[in-house]
Amino acid sequence: EESPPGEGYPYHIIFRPLVENPNLTPEEWAALIVQRTVEALGSSFDVTQSALRTAGLPNLAAALDQLAEVLLAKGSQDRTAYQRARNNAQRYGFGNASYAEYKDMVDYCEKLAEETQDPDIAGKVNLVKQALQSALIAEAHAGSSVARSHGLSIWVPSPANFLIRYKNLAFAKDTRWDEWISTQGER
């Protein structure tokens, strides 16, 4: 989500647990990397870190596909609500406009449910949240500008800023998310 500061990761801190206990499981070490990075940098920088089980990503993609299916079926009936959700969701890259279109996935989805007040959308949002929670090993964040972070960001540009090359991604080919973000009820 939010990039680490220019100084980079505190490797001397995040490798220490592995040196002290080489028998840590990958998930244990991943959780410690998240925790220690935010502890080391969070007092000076707004920072987010997370670790995910890649085996859980297909379920997350499927949940996002189901959400996109419902949103596409709704068409333009809630176009203003979709725009408010996009504009008000947790964003990243403060001071750097190139990251402004990256939103916290859960916060964006929750905003879609809140803004539309649609039970079908809310149900699919809950599936996305459950799928992310299953994939998430650890998540931590520090700083007011990243307070609504949940562990994974997703690209949500305005339809006018949609890049056609996004459709080349495996995620876009496997889901209807690209169809959703390219229109968001505006076409």
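The values are calculated or read from the model by the stated rules, or taken from the named source; none is laboratory data. Since the structure is predicted, the reported quantities are computational estimates derived from the model, not experimental observations. Backbone-built Cβ (ideal geometry, glycine too); neighbour counts: all protein chains shown.
Just checking, how many residues over segment 159-173 are touching a residue at least 40 places away in the same chain (Cβ under 8 Å) and loosely packed, with under 13 Cβ neighbours inside 10 Å?
Adding up the residues that qualify gives 1.
Since residue 147 meets every condition but one in (1) surrounded by 14 or more Cβ atoms within 10 Å (Cβ to Cβ); (2) touching a strand residue (DSSP E or B) at 6+ places or on another chain (Cβ under 9 Å), which condition does it not meet?
Answer for residue 147: the failing condition is (1).
Scan segment 53-86 residue by residue and report those that are over 19 Å from residue 104 (Cβ atoms), touching a helix residue (DSSP H, G or I) at 6+ places or on another chain (Cβ under 7 Å) and of a type in the set (A, V, I, L, M, F, W, C).
Answer for segment 53-86, where residues must be over 19 Å from residue 104 (Cβ atoms), touching a helix residue (DSSP H, G or I) at 6+ places or on another chain (Cβ under 7 Å) and of a type in the set (A, V, I, L, M, F, W, C): 70, 72.
Does segment 6-51 hold any residues that are exposed (fewer than 13 other Cβ atoms within 10 Å of the Cβ) and assigned to a loop (DSSP other than H, G, I, E, B), and which are they? Spell out how you get there, then give the answer.
Within segment 6-51, the subset exposed (fewer than 13 other Cβ atoms within 10 Å of the Cβ) is 6-8, 11-12, 19-23, 25-27, 43-44.
Within segment 6-51, 6, 7, 8, 21, 22, 23, 25, 43, 44 meet the criteria.
Can you tell me how many residues within segment 122-145 are under 12 Å from residue 66 (Cα atoms) and touching an Asp or Glu at 6+ places or on another chain (Cβ under 7 Å)?
Residues flagged as under 12 Å from residue 66 (Cα atoms) and touching an Asp or Glu at 6+ places or on another chain (Cβ under 7 Å) within segment 122-145 amount to 1.
Go through segment 128-159 residue by residue and tally those that are under 15 Å from residue 180 (Cβ atoms) and of a type in the set (A, V, I, L, M, F, W, C).
Total satisfying the criteria: 4.
Right, residue 101: surrounded by 15 or more Cβ atoms within 10 Å (Cβ to Cβ), at pLDDT 95 or above and of a type in the set (Asp, Glu) or not?
So residue 101 does not fit the description; no.
Quick one: residue 156 ticks every box in (1) surrounded by fewer than 15 Cβ atoms within 10 Å (Cβ to Cβ); (2) at pLDDT 95 or above bar one, so which box is it?
Among (1) surrounded by fewer than 15 Cβ atoms within 10 Å (Cβ to Cβ); (2) at pLDDT 95 or above, residue 156 violates only (1).
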